[in-house]
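Derivation of every value follows stated rules applied to the coordinates shown; laboratory data play no part. The structure displayed is predicted, hence computed values, not measured ones. No Cβ is skipped: glycine too gets one built from the backbone with ideal geometry, and neighbour counts run over all protein chains shown.
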Amino acid sequence: MWRKGTSRTAVPRQDRQHLSRRDKLAGYLAERWRGIGLSLVIVVATIWLGVTGQLGLYIHPRYFIFTTVMAVLGLAFVVASFIFRTPAAREPESEGSPSAGRRTLVLGGSALLLAVAAVTVLALPPATLTSATATQREVNSGGLDSEAAASDAAALVGNGDYERLSVKEWVSLLAQSEDPALYADKTAKITGFVLPDAADPENVFYVARFVVTCCAVDAQPIGVAVYQPGWQADYDTDDWVQVTGTFVSNPSVRSADTLAVLPTTIEPVDQPSDPYVY
């Protein structure tokens, strides 16, 4: 209850309404442009990966066209959202409207989020899956279409062109049979990254690749065991190598693989532009 003769500093009702509308507009812009900005970063990054031929680091080639077309459509919608602005939603006035400091914090947080997203997606180079992912998934436990790969491998084996067999095709053949007699006269020449055998990392490593069925999220590691005691002195985990050698009964008593390649040469190579197999 105010007594006669007392005074108080009050914000005129018109000014309070103006501040309330400005608060609502700031919140609206923060939410709307944050979503639009994130969408823009994603679609531009997708198109850029497609143009530079790096989309295969994330998805199976069968989805390249679909993904690129959808990204272009998404870009069109993002551009349209910049042109056509929807009115801010009306909310009832309340005494708890955000302060100027809170408005600044919301807008600043949105800008920072967009900047981090843009740097992460656009500035950092795409990276392939490594042994860090492979160690979380059992080697040769999935992702392999055995019948199709075995059929392709059998065609090459029938021509005696064993050195053209890929890691995937050798793994497929080994899944069909591990009889040493079937591989005694066959020379393997395989390329992949070095992945230590968890059971005997001092003596055995895999020449490994990732098989991608849909996208990098479902990628499964496969590999051919190589018996080379002390390999760590010359090669590091994740190094890309080309191994040439013949199959023998695995000398390692700890490794789970019945057969392993006894290498005649191990040569360092660059990571291929398409490091996955499909």
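With θ taken as phi - 60° and the Karplus curve 6.51 cos²θ - 1.76 cosθ + 1.60 applied, the whole-hertz 3J(HN,Hα) list for the range 38-46 is 5, 4, 4, 4, 5, 5, 5, 5, 5 Hz, x standing for glycine and proline. Peptide packing for 132-139, 217-224 was compared via the average number of neighbouring C-beta atoms within 10 Å per residue; ordered from the highest value, the list is 217-224, 132-139. The Rg/Rh ratio for the range 133-268, using Cα coordinates for both the radius of gyration and the Kirkwood hydrodynamic radius, is 0.93.
A simple packing score, the average count of other Cβ atoms within 10 Å per residue, orders the peptides 248-258, 229-239, 38-48 as 38-48, 248-258, 229-239, with the highest score first. Here the Karplus curve 6.51 cos²θ - 1.76 cosθ + 1.60, taken at θ = phi - 60°, turns the phi angles of the range 217-223 into couplings of 5, 9, 4, 10, x, 10, x Hz, with x standing for Gly and Pro.
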